[in-house]
Structure formats: structure tokens, C-alpha cells
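**Student:** I have a structure here, written as C-alpha cells, and I will follow up with some questions on it.
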Amino acid sequence: MFLNTLRIKKLKAVVVPLHSALNRVLAEDIIARENLPRFDRSAVDGYAVRAEDTFEASQF
């Protein structure tokens, strides 16, 4: 309900050099043309995050 009350306006896409892209959000999805490596590398899929980037998380 709270989000419905916000007046969020969509920003226009901006093209920037790769070295200036840190902390920006992509305007559209990127799809890889091929899998690298070309074989299964991990036993399971997962996500990696830094504890400091999460809310009230610890390293363990």
C-alpha cells in the first residue's frame, strides 16, 4: 500500500562507458550468447552476497 502512494517516475536510459557504470542499474536485461564455462562447474546453484550489503546479517 505504501508503494502505491509514491509517485515514482521512470528515468530515461543513459549510455555511459563501462568504467563509469559502477553503482548504476541496467536499463534492460543482458543475455549471454554462450555458457562459460561450457560445462557444469558447481555442484549446486547459489548466490554470493557480502554480509555488509544485507540488513542485519552476520558472516555466519
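Read-outs: derived from the displayed coordinates by stated rules, not from any lab. If you're wondering where the values come from, they're calculated on a predicted model, not measured in any experiment. So basically every Cβ, Gly included, is an ideal-geometry build from the backbone, and we count neighbours across all protein chains shown.
**Student:** Scan region 17-44 and report the pairs whose first residue is free of Cβ contacts under 8 Å to residues at least 24 places away in the same chain and whose second residue is of a type in the set (A, V, I, L, M, F, W, C) and assigned to a loop (DSSP other than H, G, I, E, B), with Cβ atoms within less than 6 Å and a gap of 6+ or a chain change.
**Tutor:** Listed pairs, sorted by first residue: A27/A13.
**Student:** Could I ask something else about it? Go through region 20-47 and count every residue that is within 30 Å of K10 (Cβ to Cβ) and either part of a loop (DSSP other than H, G, I, E, B) or in contact with a helix residue (DSSP H, G or I) (Cβ under 6 Å, 6 or more places away or on another chain) (or both).
**Tutor:** So the count comes out to 14.
**Student:** Related question: Only residues in region 4-15 that are farther than 14 Å from L26 by Cβ count as the first member; pair them with residues that are among the β-branched types (V, I, T) and surrounded by 10 or more Cβ atoms within 10 Å (Cβ to Cβ), Cβ under 6 angstrom, at least 6 apart or cross-chain, and list the lot.
**Tutor:** none
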